[in-house]
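What follows is a set of notes on a single structure, which appears directly below.
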Amino acid sequence: MQHRRAWALTAATVVLLGTVGAVLAARASGPADPVSAPASSASPVRVVVPGRPGESAGVTDSDHVQAPAASAYNRADVTYAQMMIAHHAQALQMADLVPDRATNQGVKNIAGRITAAQGPEISVLRTWLADRGEPESDPAHDHASMPGMQSETALTGLAAARGADFDRRFIAMMTEHHRGAETMVGELLRTGSEERLAKMAKETAIEQLVEIQRMAELGVS
């Protein structure tokens, strides 16, 4: 137990010293890129390197030790998160119309899955942005031009429809909406840089593809 505590303490020392070194280097070199990971220290310092459990610790220069750094992200990552929040919000808006208007049980089931999946995804994206000091939205974004986004006229028509007409409109509109989300994911994977967000986006794309297949199998047209 003592060896484990000693190892944990020396590990914390390495992380702390490495972080301090990075901060000092960043201050010395001027303002940092707001979407980049911290730079490493230009002037190495002596740090304690923990050994394996039961082994003695060693000492080396800080430039030989890589402390954990914040995952780098870029503007494409931020834009994706901001715009996908709005994209998912429209899907939820459409799904909310289903219980009182749809007659096809398959449509009702799909709407329930969309609500269960995309509501939490919005929360995750909001947290991702907040953790990086980024705003939830950008006034410069034209949400209406996002791939798959439905027009206000189409949404009004959907809300006014009932029964089989509603089912048909919903499936057509949500299929187009999901395909748009896949396009957005593809763009992120080409231009983004943060691995965690890319993984989340891939999961979103798989989820959308599965829903498209389910909607096609309903045979609603």
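Below are the figures for this structure:
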quantity	calculated
When residues of the range 136-158 are limited to those that are in contact (Cβ under 8 Å) with a residue 24 or more places away in the chain and open to solvent by less than 30 Å² (accessible area, probe 1.4 Å), the one farthest from the chain's Cα centre (by Cα)	Leu158
Candidates Arg113, Arg132 - the one that is among the basic types (Lys, Arg), within 13 Å of the chain's Cα centre (by Cα) and surrounded by 13 or more Cβ atoms within 10 Å (Cβ to Cβ)	Arg132
Residues being open to solvent by 50 Å² or more (accessible area, probe 1.4 Å), over 21 Å from the mean Cα position of the chain (by Cα) and over 21 Å from Pro120 (Cβ atoms) - total across the range 165-221	11
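The values are calculated or read from the model by the stated rules, or taken from the named source; none is laboratory data. Bear in mind that the values here come from a model prediction, so they are computed numbers and not experimental data. Reconstructed Cβ throughout: ideal geometry from the backbone, glycine too, with neighbour counts over all protein chains shown. Only protein heavy atoms, including side chains, enter the accessible area calculation; ligands, DNA and RNA are left aside. Shrake-Rupley method; radii C 1.70, N 1.55, O 1.52, S 1.80 Å.
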